[in-house]
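The values are calculated or read from the model by the stated rules, or taken from the named source; none is laboratory data. Please read these numbers as outputs of a predicted model, since none were measured by experiment. Glycine gets a Cβ as well: all are built from the backbone with ideal geometry, and neighbour counts include every protein chain shown. With ligands, DNA and RNA removed, areas are computed over all heavy atoms of the protein, side chains included. Shrake-Rupley method; radii C 1.70, N 1.55, O 1.52, S 1.80 Å.
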Amino acid sequence: MTTPSPTPFAEDDGALVCHFGGEALRLEPWGTNAIRVRARPGHEIVEPHVSALLSPEADQESRVDIGSGSASLTCDRLRAELVIVDRYGADVKREVVICFTDAETGEELLAETRPHFAGPKTRNFKALASDSWKLEAHFKAYDGERLEGLGQPQHGRMDLKGTSTNLLQQNAHAVIPFVVSSRGYGLLWNNPATGRVDFAANITRWTADSTNGLDYWIVAGDSPRDIVRAYHDATGHSPDIPDWALGFWQCKLRYRTQDELLSVAREYKQRGLPLSCIVIDFFHWTRQGEWKFDPADWPDPGALIDELRSMGVEAMVSIWPTVSASSEHYKTMTERGLLLTAERGLPVVIAFPDKDPFGPGFFTYYDAFNAEARDFHWEIVKRNYVDHGFRHFWLDACEPEMRPAHPENVRTAMGNGAEILCAYPLLHEQRYRQGLDEVGGDGVLLCRSAWAGSQRHGVILWSGDVWSNWEWFRAQIPAGLHAGMAGLGWWTTDIGGFYEGHVHSPAFHELLVRWFEFGVFSPICRLHGFRVPEDVPPPAEGEPVTYGQDTFNIFTNTGGPNEVWSFGADVEAILIELLRVREALRPYLKDCFANYAATGDPVMAPVHYHFPDELAQRGEPMTYMLGPDLLVAPVTEPGTERMTVALPGASDWLHAWTGEPFQGGRSATVDCPPGRCPVFVRAGTCFDFGEAFPGLGR
């Protein structure tokens, strides 16, 4: 006679735990309508190297029910049911799978599954070493499901369904592994490992290249707003943004000297043009990894700050986490173990130019996974920048960027790079925020990468070094929307694109104007790019942008002009008018950012975030809401003179530029001359947009 096995399920301090088939599984309440799931081969759950989640409130109400072959955990309206399943109809290939349902309706939200009845397992751990596995987690795919978030992908699609995405931080590709589903759930892949996620028609698969366990968080909600707000409660809210950051930022690659930068700021003020921030780009330093101004070009940083602030202008300075072997700190950092190193070969993570003379250099990064290294780096930054008055930092190249991108060959203080590198920007940003809080003020961080939870450190994510063409411009709109849905509401792009914009090219002028329109109606408005110098002739009409000279040396030395008056009188007049609009929108944007800090509602959001019933708008990447009252439709094709825009039916609308009324639920066809992309104001708004759009008063 066979003795029945004891149940593998148990309750542990409000959590549901399971030990079955050599695997430990733990589900626990983690916020309202939310559950955290962790699993690992063996008998014990271990803490992850880095977690995006904050500790939940104590004494959360939940219920655990245990049966003979199943068990469930119910947290408010989210229920997770664990079931032992037989894959062949007998006591072989048995495993525990999880199904998440709406506890009120019983509707299935998401369920784990096997790709095939014979395997691999639902949660498939493939051993790499004694305490590290390659992990694949498999979930059912659902027809009609739409997914948004995941950070800042550059594929140009608003619906992630049908996409496959690398979970690897790269220039322009920021990984924030949180997605919002149209089925009424959000899922955070709480794992800093590199990997991949596939949202296929037949299965959803999350992969970690190397990890010490599975860890994800799931929340149920009636709307995208409910889900995104719950995510911010779980991972942290942003601080309030300072008022100056809502104005216009001037930037280029690069202002080479203190005098050059000050001359540009003075010119803006002499012309009576608004300027909130001017940015000091790379190579203002001596050597990479010395983190200080070159006194030959920047002799008095304190005086620089004083003069700029007397004009009402803030300064931001670029700092890279790279360290050259020629840095004065390299020997000390090497001996104290403060650098990223290589598992095999030379301790080099990226090849990039060094200064004096410009030429090939081979660098690593300080190890942000080492608390001592973070402190060492910050103390140098404080001494050489903060103590001179700088409070705002451009944390460039903080993925960290690798060439070639072989994270498995990187060694950090917490383990192999494949296990952890996606969280590098989070810890890098965390130490800056801690240091800035200690000295006081409202410092702002502009970052090229971010991970889940970065928003709590006051991070502006920007979309990286994108090309100056229409295809890349179009991709920035869904990129910004996905970032907001993944929690990063402070977001911006290089107006005009970064690479290959020519100051004398009429084709580039058209692109720049349309990109500037988008920038004015973005959370952060920042003009930046590497402009081809004026003495290089523009390409012939219809010809690709290629230059028969050493553009690499131009890039590392200085680029062409990039101020609003640099592109001819016609373009200048348009950009100046757009700057006027941006200034007039600042009180409205202040309210939007305050709401984002309090709730998590993105400043720039898909239309259906504010109008959940607008199903036709789901997946539409080229129309969005700026706050709750402005609908924006960027012009994304050259030669466009008129556009037709679908308007949500929950409200009537006013064309911002002319005041013409339009009925909601219909389409509006409007002119869109240069400088006036289609913008519509929600009828009945309590905010007075008359200063920004005088046509509303007609």
Taking segment 644-656 as the search range and keeping residues that are in a loop (DSSP other than H, G, I, E, B) and among the small types (Gly, Ala, Ser), which one is most open to solvent (accessible area, probe 1.4 Å)? 650
Any residue in segment 456-469 that is aromatic (Phe, Trp, Tyr) and more than 21 Å from the chain's Cα centre (by Cα)? no
Enumeration of residues in segment 171-192 that are touching a Lys or Arg at 6+ places or on another chain (Cβ under 9 Å), open to solvent by less than 10 Å² (accessible area, probe 1.4 Å) and part of a loop (DSSP other than H, G, I, E, B): 172, 190
Mind counting the residues in segment 360-384 that are open to solvent by less than 50 Å² (accessible area, probe 1.4 Å) and either under 26 Å from the mean Cα position of the chain (by Cα) or of a type in the set (S, T, N, Q) (or both)? 14
Does residue 659 satisfy being on the phi > 0 side of the Ramachandran plot, at pLDDT 95 or above and either out of contact with any Cys (no Cβ under 9 Å at 6 or more places or on another chain) or buried (at least 21 other Cβ atoms within 10 Å of the Cβ) (or both)? yes
I'd like to check something: does segment 426-440 contain any residue that is at pLDDT below 95 and of a type outside the set (Val, Ile, Thr)? yes
So, of the residues in segment 34-62 that are of a type in the set (A, V, I, L, M, F, W, C) and assigned to a loop (DSSP other than H, G, I, E, B), which turns out to be modelled with the lowest pLDDT? 58
Would you please list the contacts, defined by Cβ atoms under 8 Å and residues six or more apart or on different chains, that run from a residue in segment 156-182 that is free of Cβ contacts under 8 Å to residues at least 24 places away in the same chain to a residue that is open to solvent by less than 10 Å² (accessible area, probe 1.4 Å) and in a loop (DSSP other than H, G, I, E, B)? none
Matching residues in segment 330-347 - criterion: being touching a strand residue (DSSP E or B) at 6+ places or on another chain (Cβ under 7 Å) and either outside any loop (DSSP other than H, G, I, E, B) or not aliphatic (A, V, I, L, M) (or both): 330, 333, 339, 341, 342, 343, 347
So, residue 577, is that one modelled with pLDDT of 95 or more and open to solvent by 30 Å² or more (accessible area, probe 1.4 Å) or not? yes
Name the residue that is nearest to residue 74 (Cα to Cα), counting only residues in segment 16-28 that are within 31 Å of the chain's Cα centre (by Cα) and open to solvent by less than 20 Å² (accessible area, probe 1.4 Å). 27
Of all residues making up segment 665-691, the number that are surrounded by fewer than 18 Cβ atoms within 10 Å (Cβ to Cβ) and not basic (Lys, Arg): 13
Name the single residue that is farthest from residue 180 (Cα to Cα) among those in segment 474-513 being in a strand (DSSP E or B) and open to solvent by less than 10 Å² (accessible area, probe 1.4 Å). 502
Would you please list the contacts, defined by Cβ atoms under 8 Å and residues six or more apart or on different chains, that run from a residue in segment 417-429 that is over 16 Å from residue 404 (Cα atoms) to a residue that is at pLDDT 95 or above and assigned to a helix (DSSP H, G or I)? 425/454; 426/454; 426/457; 427/374; 428/374; 429/454; 429/457
Answer residue from segment 29-55, given it is free of Cβ contacts under 8 Å to residues at least 40 places away in the same chain and within 26 Å of residue 194 (Cβ to Cβ) and is farthest from the chain's Cα centre (by Cα) among those: 42
For segment 47-61, state whether one or more residues are surrounded by fewer than 15 Cβ atoms within 10 Å (Cβ to Cβ) and among the small types (Gly, Ala, Ser). yes
Need pairs with beta-carbon distance below 9 Å; first residue within 11 Å of residue 159 (Cβ to Cβ) and part of a loop (DSSP other than H, G, I, E, B) and within segment 607-624, second open to solvent by 40 Å² or more (accessible area, probe 1.4 Å) and modelled with pLDDT of 85 or more; sequence gap 6+ or separate chains. 618/146; 618/182; 619/146; 619/157; 619/161; 620/646; 621/157; 621/474
Consider residue 641 carefully, then state whether it is more than 20 Å from residue 589 (Cα to Cα), touching a helix residue (DSSP H, G or I) at 6+ places or on another chain (Cβ under 9 Å), among the charged types (D, E, K, R) and open to solvent by 20 Å² or more (accessible area, probe 1.4 Å). no
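Yes/no per residue for (1) closer than 30 Å to residue 306 by Cα; (2) touching a His at 6+ places or on another chain (Cβ under 9 Å); (3) not small (Gly, Ala, Ser):
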position	(1), (2), (3)
372	no, no, yes
404	no, no, yes
415	no, yes, no
421	no, no, yes
424	no, no, yes
438	yes, no, yes
443	yes, yes, no
Scanning segment 584-608 residue by residue, the ones that are surrounded by fewer than 19 Cβ atoms within 10 Å (Cβ to Cβ) and at positive phi total 0
Report yes if some residue within segment 312-329 is over 29 Å from residue 266 (Cβ atoms), over 23 Å from the mean Cα position of the chain (by Cα), open to solvent by 10 Å² or more (accessible area, probe 1.4 Å) and at pLDDT 95 or above; otherwise report no. yes
Matching residues in segment 156-190 (farther than 24 Å from residue 350 by Cβ and of a type in the set (S, T, N, Q)) number 5
If you take the residues of segment 421-473 that are open to solvent by 20 Å² or more (accessible area, probe 1.4 Å) and among the aromatic types (Phe, Trp, Tyr), which of them is nearest to residue 523 (Cα to Cα)? 472
Filter pass, residue 168 being open to solvent by less than 10 Å² (accessible area, probe 1.4 Å) and not small (Gly, Ala, Ser): no
Has segment 347-360 got at least one residue that is at pLDDT 95 or above and touching a Pro at 6+ places or on another chain (Cβ under 7 Å)? no
Could you say whether any residue in segment 406-415 is farther than 17 Å from residue 344 by Cα and free of Cβ contacts under 8 Å to residues at least 24 places away in the same chain? no
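Okay, residues lined up against (1) free of Cβ contacts under 8 Å to residues at least 60 places away in the same chain; (2) small (Gly, Ala, Ser):
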{"position": "231", "(1), (2)": "no, no"}
{"position": "252", "(1), (2)": "no, no"}
{"position": "262", "(1), (2)": "yes, no"}
{"position": "266", "(1), (2)": "yes, no"}
{"position": "272", "(1), (2)": "yes, yes"}
{"position": "275", "(1), (2)": "yes, no"}
{"position": "278", "(1), (2)": "yes, no"}
Any residue at all in segment 253-274 that is closer than 23 Å to residue 374 by Cβ and open to solvent by 60 Å² or more (accessible area, probe 1.4 Å)? no
